[in-house]
Amino acid sequence: MNKKLVAALSGGAALVLALTGCSEDNSKKLNDWAKTFCDPAQAQFKKIQDANAAMQTADSGNTDSKKVQQTDSAAFQKISNAYAALAKALDQAGPPPTDEGKQAQQNAVKELNSLSKGYADLQKQVNNLDTSDKLKFADGLRDLSNGINKLNKQSEAAFKNLEAGDVGAAMAKQKGCQNQAASGSPAPTPSKKPAATPSKKA
């Protein structure tokens, strides 16, 4: 998998897409499995992308910290819920029909649930930030960004064990997963503008 693509994708989304491979064997079963997962997953991928977009545009440089906090908190909750739903969809789809499919699926479900919990924890953290002090709030957002980076690294670690799978080509044919693979979604980042000082220094 292209490293830049991995970096561009959200942790859980990339984790699921990392069930990759190019084998044409057993293609019908693989396609059927991919459809079973990708159809319900599409809505969850969109929720993650929309939440990311909301965080990226939450602050114009002078937005009230309380408003930014509320936007990021809601976004973290949506991402957490989406990853939980992805884990459930993958669990219900069952293992892909490959030799390593069962273990890969179980690992992915575990990681997606872990990511869901991770973003739920980030929501609690952002809710506890002090919005009365712009600089303290900015520092808090930077700490949250570090937490997100840790979650993304957690997902990347799982890729290495999943990339030996055979379902990537089948998933790429499904609309629900194809758009995600083609465009990716930015790694979730709490509203970045407030993380700068009021003077907007780099």
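Being of a type in the set (Gly, Ala, Ser) and at pLDDT 85 or above is the requirement here; does ALA43 meet it?
Judged against the criteria, ALA43 is a match.
Name the pairs: first residue in region 108-125 and under 23 Å from LEU141 (Cβ atoms), second residue among the hydrophobic types (A, V, I, L, M, F, W, C) and open to solvent by 10 Å² or more (accessible area, probe 1.4 Å), Cβ to Cβ under 7 Å, at least 6 apart or on different chains?
Filtered contacts from region 108-125: LEU115/LEU151; SER116/ALA84; GLY118/LEU151.
Do we find that LEU144 is within 30 Å of ALA170 (Cα to Cα) and touching a residue at least 60 places away in the same chain (Cβ under 8 Å) in this structure?
No, not satisfied.
I'm trying to understand the selection: among the residues of region 94-112, which are buried (at least 18 other Cβ atoms within 10 Å of the Cβ), over 16 Å from MET171 (Cα atoms) and of a type outside the set (Asp, Glu)?
VAL109, LEU112 - these are the residues of region 94-112 that are buried (at least 18 other Cβ atoms within 10 Å of the Cβ), over 16 Å from MET171 (Cα atoms) and of a type outside the set (Asp, Glu).
Of everything in region 37-79, what is open to solvent by less than 20 Å² (accessible area, probe 1.4 Å) and among the acidic types (Asp, Glu)? Give them in sequence order.
ASP59, ASP72
Can you name the condition, by its number, that ASN161 falls short on among (1) in a helix (DSSP H, G or I); (2) among the polar types (S, T, N, Q); (3) exposed (fewer than 14 other Cβ atoms within 10 Å of the Cβ); (4) modelled with pLDDT under 75?
Condition (3) is where ASN161 drops out.
Could you list all residues from region 48-90 that are outside any helix (DSSP H, G or I) and in contact with an Asp or Glu (Cβ under 7 Å, 6 or more places away or on another chain)?
Selection gives ALA58 alone.
Here are the criteria: (1) of a type outside the set (Asp, Glu); (2) modelled with pLDDT of 85 or more; (3) outside any helix (DSSP H, G or I); (4) in contact with a Pro (Cβ under 9 Å, 6 or more places away or on another chain). Tell me which single one PRO95 does not satisfy.
Of (1) of a type outside the set (Asp, Glu); (2) modelled with pLDDT of 85 or more; (3) outside any helix (DSSP H, G or I); (4) in contact with a Pro (Cβ under 9 Å, 6 or more places away or on another chain), only one is false for PRO95: (4).
The values are calculated or read from the model by the stated rules, or taken from the named source; none is laboratory data. In this text, all values refer to a predicted model and were calculated from it rather than measured experimentally. Counting neighbours? That spans all protein chains shown, and the Cβs are built from the backbone with ideal geometry, glycine included. These area figures cover heavy atoms from the full protein model, side chains too; ligands, DNA and RNA do not enter into them. Shrake-Rupley method; radii C 1.70, N 1.55, O 1.52, S 1.80 Å.
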